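Notes to accompany the following structure.
Each value in this text was obtained by applying a stated rule to the coordinates, not by laboratory testing. Because the structure is predicted, anything quoted here is derived from the model rather than measured. Ideal geometry is used to build each Cβ from the backbone, glycine not excepted, and the neighbour counts take in all protein chains shown.
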Amino acid sequence: MDFSLTAEERQIRDTVRSFVEKEVMPLEPEVLRNEREGRPGLEPDVLRELRAKARKSGFWGINTPEEYGGAALGPIMSAIIAMEIGRTFVPFSFGGSADNILYAGTDEQKQRYLIPTIEGERRSCFAITEPGAGSDARNIRARATRDGNEWIINGEKTFITGGNEADFVMVFALAEEHGVTCFLVDRDMGWTSEPIPTMGQWGPASLVFQDVRVPEENILGELGKGFELAMQWIGQGRYMIPARAIGSAERMLQMAVDYAKIRKSMGRTISEYQAIQWMIADSQVEIEAAKWLTLYAAWRVSQGMDARHASSIAKLNGAVMANQVVDRVLQIHGGMGYTKELPVERWYRELRLLRIFEGTDEIQRRTIARNLIKGHAKLGLIGE
Ligand SMILES: Cc1cc2nc3c(=O)[nH]c(=O)nc-3n(C[C@H](O)[C@H](O)[C@H](O)COP(=O)(O)OP(=O)(O)OC[C@H]3O[C@@H](n4cnc5c(N)ncnc54)[C@H](O)[C@@H]3O)c2cc1C
């Protein structure tokens, strides 16, 4: 069993870390200021410039196949890079990637949707959740009715990340007797969006489809096979959620350690009190556990193994861990942790989402328990 990275992998990790420290973290005060004044954290031209710098350093399309101009670094390196990016709350990603299910498109769909998304010219969103169907995603009500060579979509979607900015949506609707089907729908075909204010900074949107006409050739994948496609979108990258959270938790824990060493109370630095030390120790134990569960899930994907069970475990554990760590870090900072002078409260609000989206804690537990009860997963195995 070898837990080490190759020299090349270490070099990539270190280059990303130094890029994040030198180019991205210095933007944090600006991001906080913008967000607190109700503007997006990064102005589009600042983001473009940052992406261009990243591209020059070779960080473009980390997980994108080489035939589409990506670096194809694979699941383990993608998870490690997500940990590095997670160290900052600046809303930044290296770019050059597209939703995994867009690769299921026809050649023509790839030209119109996949490639422009990779190039950053188009923005997508993924819409399955409805006001009456969240965890119970099989219960969606949006309908698509055939009319000659077109489908007419009616329905409402909610909590759609990027739904306000996207110029096309991968929307899931019931296509008559065929069942759930995914359609690629351009905004100018007639759907509308409305932002939903949330406690976090990345507000989702509600989308309305009223007699939106979509040509038959815009079905993504097969007619009636949309649910499988939706699960593929969610399932394949699930380990990336805890990966990012690990970076955030490590950065915050370091802030707490640094603060504990300088903050004095009752004649001593608070780092000398066992109450504080235990919070620090418990946090590191939980971060390390999350790290190896996440890397294990990524490793299974890299080996072409079924990673669903491992990914559910990693996602549940990572989401809970991040929330426990940010709560302790806020506690260690006392009143300062609760102020907007520090980014802890921002992280606190953002990380709360991890326990809700892409399968709530309860749904992950349900999946894990059902896999064991039905015998899809077994206890006592190592890497099998
Ligand atoms: C900021 C944000 C971004 C999002 N982005 C997207 C997106 O891009 N695309 C998209 O399609 N969706 C998106 N979602 C939707 C998200 O996936 C759902 O909110 C989530 O799946 C939960 O569904 P729900 O909100 O309807 O809660 P519900 O399903 O109503 O759940 C309410 C509570 O009941 C629990 N519960 C439900 N069923 C069970 C059960 N069988 N057993 C035990 N407990 C249960 C849940 O765990 C939860 O605690 C986003 C949500 C948010 C908040």
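Would you calculate the separation in nanometres between label points at T339 and S93, each defined as 7 Å from the Cα along the Cα-to-beta-carbon direction?
Once both label points are built, they end up 3.5 nm from each other.
Suppose R0 equals 22 Å. What FRET efficiency, 1/(1 + (r/R0)^6) with r the Cβ-Cβ distance, do M1 and L381 give to the nearest 0.05? Each step should come with its number before you reach the end.
Numbers: r = 14 Å, r/R0 = 0.62.
Taking R0 as 22 Å, the efficiency between M1 and L381 is 0.95.
Compute the distribution of all C-alpha to C-alpha distances in the range 27-111, in bins of 10 Å from 0, and list the percent of pairs in each, rounded to whole numbers.
In whole percents, the pair-distance histogram is 16, 40, 30, 13, 1.
Relative to the Cα centre, what is the charge dipole magnitude of the chain, using +1 at the beta carbon of each Lys and Arg, -1 at the beta carbon of each Asp and Glu, and rounding to the nearest 20 debye?
1340 debye
Cross-link list K264/K340; K225/K291; K56/K340; K261/K291; K315/K374; K157/K225: which exceed 28 angstrom alpha carbon to alpha carbon?
K225/K291; K56/K340
For an R0 of 30 angstrom, estimate the FRET efficiency from the Cβ-Cβ distance between S18 and D45 and round to the nearest 0.05.
Between S18 and D45 the formula returns 0.80.
Run the quick spin-label model on K56 and V208: label points 7 Å from Cα toward the beta carbon, then report their separation in nm to one decimal.
4.6 nm
May I ask you to compute the full-extension gain from E165 to Q277, defined as 0.36 nm times their residue separation minus their alpha-carbon distance, rounded to one decimal in nm?
Values: separation 112, 0.36 × 112 = 40.32 nm, distance 4.42 nm.
That pair, E165 and Q277, stretches by 35.9 nm at full extension.
In sequence order, what are the phi-derived ³J(HN,Hα) couplings for the range 189-203 according to the Karplus relation 6.51 cos²θ - 1.76 cosθ + 1.60 with θ = phi - 60°, rounded to whole Hz, with x for glycine and proline?
Going residue by residue, I get 7, x, 7, 10, 9, 9, x, 10, x, 10, 6, x, 8, 9, x Hz, with x marking Gly and Pro.
Assuming 0.36 nm per residue, please report the length gained on full extension of the stretch E216 to T192 beyond their Cα-Cα distance.
My answer for the length gained is 6.6 nm.
Can you give me the span-like helices of the chain, meaning DSSP H runs with 24 Å or more of Cα extent along the axis and Kyte-Doolittle mean at or above -0.5?
For the chain, where a helix must reach 24 Å along its axis and average at least -0.5, the hits are 240-262, 274-302, 308-332.
Can you list the lysines whose alpha carbon is less than 28 Å from that of K53, not counting same-chain residues fewer than 8 positions off?
K53 reaches K22, K110.
If you scale each eigenvalue of the Cα gyration tensor by 5 and take the root, what three semi-axes come out for the chain, rounded to whole angstrom and sorted largest first?
Taking √(5λ) for each eigenvalue gives 37, 24, 22 Å, largest first.
Given the options E286, E250, E67, which has the most mean-square fluctuation in a GNM of the chain, springs set between C-alpha atoms less than 10 angstrom apart?
It is E67.
Mind putting a number on the dipole of the range 1-75 about its Cα centre? Charges go on the C-beta only, +1 for Lys and Arg and -1 for Asp and Glu, and I need it in Debye to the nearest 20.
The dipole magnitude comes to about 180 debye.
Please give the charge dipole size of the range 1-144, origin at the Cα centre, charges +1 on K and R Cβ atoms and -1 on D and E Cβ atoms. Round to the nearest 20 debye.
So the magnitude is around 320 debye.
Based on the alpha-carbon set only, what is the convex hull volume of the range 122-232 divided per residue, in Å³?
Details: hull volume 11.0 nm³, N = 111.
Dividing the Cα hull volume of the range 122-232 by its residue count gives 99 Å³.
Pull out the extension gain between F357 and A289, defined as 0.36 nm times the separation in residues minus the alpha carbon to alpha carbon distance; nm, one decimal.
Result: 22.3 nm gained on full extension.
With springs connecting C-alpha atoms under 10 Å apart, model the chain as a Gaussian network and identify which of D306, D361, D327 has the largest mean-square fluctuation.
D306
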